[in-house]
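**Q** Provided herewith is a single structure, encoded as structure tokens, for subsequent inquiry.
The values are calculated or read from the model by the stated rules, or taken from the named source; none is laboratory data. Model, not experiment: these values are computed from the prediction. Cβ placement follows ideal geometry from the backbone for every residue including glycine, while neighbour counts extend to all protein chains displayed.
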Amino acid sequence: ANLHQGQGLVTMAGRLRVSRLSGMLDRYRKWDIVLDGEVASSVANGQTSDVLVERGTHTVRVGHRWLASPVRTFAVNDSKTVAFVCRPRPHPMIWFPYGIASLYRHDLFIVLEPIPVRAPEVAHPVRRTRER
């Protein structure tokens, strides 16, 4: 895909895919996907969002207002898809303390983890030997 940026033409090299696990907490609000410091898209509860990115090293963060994830760095080369999964902190017993801590430090409440993208499987021919 090509996007016009300024006077030149920029060729997109890859894709950032952010999946949000379905959950009860903050389920009605979309979370912003912040790519290199700017909101590039959003992801709803239980949904996946793709963002085209240029070749190189980038940063990503997911969140809404004071509820956010830590910033993660990733690199894109040659039509690569880089995938992350996000979710609130896992256990309801820690939501309250993390919610309070989020007032002071905004990157504690949402977990953002890379998902390894598996290489396509290559079929290998099976050699059959004759039994004697």
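**Q** Take the residues in region 43-96 that are under 16 Å from Arg15 (Cβ atoms) and at pLDDT below 90, then tell me which one is farthest from the chain's Cα centre (by Cα).
**A** Asp78
**Q** Name the single residue that is surrounded by the fewest Cβ atoms within 10 Å (Cβ to Cβ) among those in region 42-71 being among the polar types (S, T, N, Q) and part of a loop (DSSP other than H, G, I, E, B).
**A** Filtering first and then ranking leaves Gln47.
**Q** Sticking with this one: Suppose we filter Val39, Val117 for residues that are among the hydrophobic types (A, V, I, L, M, F, W, C), loosely packed, with under 12 Cβ neighbours inside 10 Å and modelled with pLDDT of 90 or more; which single one remains?
**A** Values: Val117 fails: modelled with pLDDT of 90 or more.
After ruling out the rest, the residue left standing is Val39.
**Q** Please determine whether any residue of region 18-29 is in contact with a His (Cβ under 8 Å, 6 or more places away or on another chain) and modelled with pLDDT under 95.
**A** Applying the first criterion (in contact with a His (Cβ under 8 Å, 6 or more places away or on another chain)) to region 18-29 yields 26, 29.
Of the ones still in play, those that are also modelled with pLDDT under 95 are 26, 29.
Yes - at least one qualifying residue is present in region 18-29.
**Q** If you don't mind, another one. Just give me the residues in region 10-42 being without any contact (Cβ under 8 Å) to a residue 40 or more places away in the chain and either within 15 Å of Arg61 (Cβ to Cβ) or in contact with a helix residue (DSSP H, G or I) (Cβ under 7 Å, 6 or more places away or on another chain) (or both), in sequence order.
**A** Scanning region 10-42 gives Lys30, Asp32, Ile33, Val34, Leu35, Asp36, Gly37, Glu38, Val39, Ala40, Ser41, Ser42.
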